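Single-structure report; data block below.
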Protein chains: 2
Amino acid sequence: MSSQAPHPTLLIPGPIEFDDAVLQSMSHYAESHVGPGFVKTFGETLTLVRKLFQSTSPTAQPFVISGSGTLGWDIVASSLIEKGENALVLHTGYFADSFAACLEAYGVNATQLKAPVGERPSFEQIEQALKEKPYKIITITHVDTSTGVLSDIKRVGEIVRRVSPETLVVVDGVCSVGCEEIAFDAWDIDVVLTASQKAIGCPPGLSILMVSGRALERFKSRQTPPASYYASLGNWLPIMQNYENFKPSYFATPPTQLVHALHTTLSQITAGSIAERFAVHVQASDRVKAAVAELGLCQLASKPENQAHAMTAIWLPEGLTPPDVLPGLLKRGVIFAAGLHKEVATRYIRFGHMGVSVTSGRPDIDNAIAALKEAITEAKQAKGL
Amino acid sequence: MSSQAPHPTLLIPGPIEFDDAVLQSMSHYAESHVGPGFVKTFGETLTLVRKLFQSTSPTAQPFVISGSGTLGWDIVASSLIEKGENALVLHTGYFADSFAACLEAYGVNATQLKAPVGERPSFEQIEQALKEKPYKIITITHVDTSTGVLSDIKRVGEIVRRVSPETLVVVDGVCSVGCEEIAFDAWDIDVVLTASQKAIGCPPGLSILMVSGRALERFKSRQTPPASYYASLGNWLPIMQNYENFKPSYFATPPTQLVHALHTTLSQITAGSIAERFAVHVQASDRVKAAVAELGLCQLASKPENQAHAMTAIWLPEGLTPPDVLPGLLKRGVIFAAGLHKEVATRYIRFGHMGVSVTSGRPDIDNAIAALKEAITEAKQAKGL
């Protein structure tokens, strides 16, 4: 039985429900950030991040930094590209607009390749765009939390290496790491940036990055100094290298309790087969998507190949808005999220199905599917639809 | 009795020992960052930050952001001063060098006014420096954690308003907020930036700022856009205003568990008299400093008026280094910190005495004083001193 106080089940696309042991790690007693106990925990955590990314490359480097996932954009924008250089931003929803805004804050020329809501730029369009201009980086939102659209980062990576091999492949994996397959080395990715509170299953407050040797070389050969202090990879690189070698090191005080929680959840995730973890998320997603179809509802993500496996963005029946449906879900003990994509926010809801809610044998997903059916029916009746 | 596992008492100048209720808040179950429960908690927390700073000014604004204290420097450097403008950095230790490095990362001309180790620039020197050049900001480390030197921010503020009234007064209060007196409005300060893990008594992972109306106006009248995305005050301002008005708002996912812990500790701190809290820290500090003198040892901070009340940096007897003394303290259940100031790091240790260790009737400080006496004696004997 859970040691947590009774509460409605949180099934938004992050933060997600937490495992008891992870939450208990959040209450770890005070430790020195440079004492041997914490140094060991942090060092092991960084090595666990490598495992999460299926990476064994000695030149790649994991980073775990106090901040939200958003901070990862600043790290890329201030460290891996310079003022006046070009970035190609593949747009599959809200988060591409924000990443582009972040790049522009650092004087980068961000060109967005947009697709209609629920779709993604085609491989042909991406190839064409890469041929038009030299881009220092391409950014791909692996799963856009606003639309539930999944990008094919493996295939995009292949196109980049063929057409524009010097372009760094930067993946925003905030809503994908821990639930969608990512083979960092094998797919030759340069950066995956993510956050702790989604499929990784740790409370929010950690910006987590995996950075390739190629990207670190790019950082070291900058023409201009990094355009930030806190977000400069250079300030964090020796810190991460030292901790992973079990040597204390100081740039800024690490969030010791959150690192303990990350250690706990990554130990759980990597103790089992990571392939199986991805498969379990696919199975849960299939169940959700079948139930949505059975209800006669459609997803924002228009085709099976671009539908995320850890969340589903669901168009509401004509005439209903999120406030018509979300209270009915809450009454049944389930929390979904409203829409987020500016153009259509009032017309859809989002159902997150990741982490312990799908991996631990909890009844969360089945309960949520049942609640969704009832809440939609009830809302339609109330509106006379 | 504490619910925490047995552990040595952490008496470094941050992170510090945590209250049981604060640690329990870290294990709060998953909540939506935009749901009514968390929105209320975050909104109340921001209002509690105002109380902590004894501020009632409606134009001032508290900020609570996922990140370490270091992030506060980037917020100031990217938001409140522009490339090519001048900053005067008062130097009382390691953290002025770092703040200056941060300002320079954003193209700011940082002029450091240095004092010998253990001292602080004189009021005359500060006044003179302010008359030499127009400075957009002056930065003061309230307590430099590397030296234990306390600055007189009230008096410096008065000088600034008299001599250079347009200069923003920026206080690095990482090691002072919650233990040294700060009257934000009455002393007409523009920014205090701090972190959660020192005298505030919350685990690390929150960058906390109090910003004056004057500083916000300065931000709004910038000639150039903010030089950061994550560290731009403009991206956070509406978020903080909305939460404080109990309206959900999204820029980046807030660290929900840490915010709960901050709410708990700030509720405790502001439930009592804040003046009494400062007085209790002074009393504990007096006891520590008397014991240090009794041992025949000196402090880095050379004069009573520049000695911090929440930590003491202690010169070791000639011939001893931190590794000679710290293990003897740990053997007795107490953790102090080694030196940090580059020039003299091997010659001193640091004793943090703040938060629950001094306010809760715990025997921590008396035990630590006894342990210090024994460890020093033992180390001297071992070295034949």
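The values are calculated or read from the model by the stated rules, or taken from the named source; none is laboratory data. Predicted model only: the values in this text are computed from it and were never measured. As a convention, Cβ positions derive from the backbone with ideal geometry for all residues, glycine included, and neighbour counts pool all protein chains shown.
Couple of notes before you dig in:
- Check on B:Ala87, more than 8 Å from chain A (Cβ to nearest Cβ) and part of a helix (DSSP H, G or I): no
- Residue check for B:Glu343: at pLDDT below 95 and under 19 Å from B:Val117 (Cα atoms): yes
- Residues satisfying the stated conditions in the stretch B:262-274, i.e. touching a residue at least 60 places away in the same chain (Cβ under 8 Å) and either out of contact with any Lys or Arg (no Cβ under 7 Å at 6 or more places or on another chain) or closer than 21 Å to B:Ala375 by Cβ (or both): B:Leu262, B:His263, B:Thr264, B:Thr265, B:Leu266, B:Ser267, B:Gln268, B:Ile274
- Identity of the residue in the stretch A:241-263, away from chain B (no Cβ under 14 Å) and assigned to a helix (DSSP H, G or I), that ends up surrounded by the most Cβ atoms within 10 Å (Cβ to Cβ): A:Tyr243
- Some residue of the stretch A:108-123 being within 12 Å of chain B (Cβ to nearest Cβ), small (Gly, Ala, Ser) and over 10 Å from A:Asp144 (Cβ atoms): yes
- Listed by position, the strands (runs of 3 or more DSSP E) enclosed by the stretch B:110-208 that each have at least 1 residues that are over 14 Å from the mean Cα position of the chain (by Cα), buried (at least 24 other Cβ atoms within 10 Å of the Cβ) and among the β-branched types (Val, Ile, Thr) are B:137-141, B:168-172.
- For the stretch A:329-337, the criterion of being among the charged types (D, E, K, R), over 28 Å from A:Phe95 (Cβ atoms) and surrounded by fewer than 22 Cβ atoms within 10 Å (Cβ to Cβ) is met by at least one residue.
- Positions within the stretch B:1-55 being more than 24 Å from A:Glu17 (Cα to Cα) and of a type in the set (A, V, I, L, M, F, W, C), in sequence order: B:Met1, B:Ala5, B:Leu10, B:Leu11, B:Ile12, B:Ile16, B:Phe18, B:Leu46, B:Leu48, B:Val49, B:Leu52, B:Phe53
- Matching residues in the stretch B:188-213 - criterion: being closer than 11 Å to B:Val177 by Cβ and more than 14 Å from chain A (Cβ to nearest Cβ): B:Val192, B:Met210
- Any hit, the stretch A:214-227, residues being within 9 Å of chain B (Cβ to nearest Cβ), within 30 Å of B:Ser27 (Cα to Cα) and buried (at least 24 other Cβ atoms within 10 Å of the Cβ): no
- Number of residues in the stretch A:92-107 that are surrounded by fewer than 24 Cβ atoms within 10 Å (Cβ to Cβ) and either part of a loop (DSSP other than H, G, I, E, B) or of a type in the set (Ser, Thr, Tyr) (or both) equals 3.
- Among residues of the stretch A:328-369, those that are without any contact (Cβ under 8 Å) to a residue 24 or more places away in the chain and within 12 Å of another protein chain (Cβ to nearest Cβ), counted: 2
- Residue tally, condition in a helix (DSSP H, G or I) and closer than 19 Å to B:Ala30 by Cβ, over the stretch A:328-370: 12
- For the criterion of being surrounded by 24 or more Cβ atoms within 10 Å (Cβ to Cβ) and either more than 14 Å from every other protein chain (Cβ to nearest Cβ) or touching a Phe, Trp or Tyr at 6+ places or on another chain (Cβ under 6 Å) (or both), A:Ala271 fails.
- Of note, B:Glu104 does not satisfy the criterion of being more than 9 Å from chain A (Cβ to nearest Cβ) and of a type in the set (D, E, K, R).
- Any hit, the stretch A:66-73, residues being within 9 Å of chain B (Cβ to nearest Cβ), farther than 30 Å from A:Ile126 by Cβ and touching a helix residue (DSSP H, G or I) at 6+ places or on another chain (Cβ under 9 Å): yes
- Criterion (crowded, with 21+ Cβ neighbours inside 10 Å and facing chain B (nearest Cβ under 7 Å)) met by exactly one of A:Leu52, A:Leu23, A:Leu46: A:Leu23
- Residue within the stretch B:1-17 that is touching a residue at least 24 places away in the same chain (Cβ under 8 Å), assigned to a helix (DSSP H, G or I) and either facing another protein chain (nearest Cβ under 7 Å) or surrounded by fewer than 22 Cβ atoms within 10 Å (Cβ to Cβ) (or both) present: no
- Here A:His309, A:His281 are screened, and the one residue that is in a helix (DSSP H, G or I), more than 14 Å from chain B (Cβ to nearest Cβ) and in contact with a Cys (Cβ under 9 Å, 6 or more places away or on another chain) is A:His281.
- Hits in the stretch B:33-50 (condition: under 16 Å from A:Pro204 (Cα atoms) and of a type in the set (Asp, Glu)): none
- Only one of B:Gly93, B:Gly35 that is within 9 Å of chain A (Cβ to nearest Cβ) and touching a residue at least 40 places away in the same chain (Cβ under 8 Å): B:Gly35
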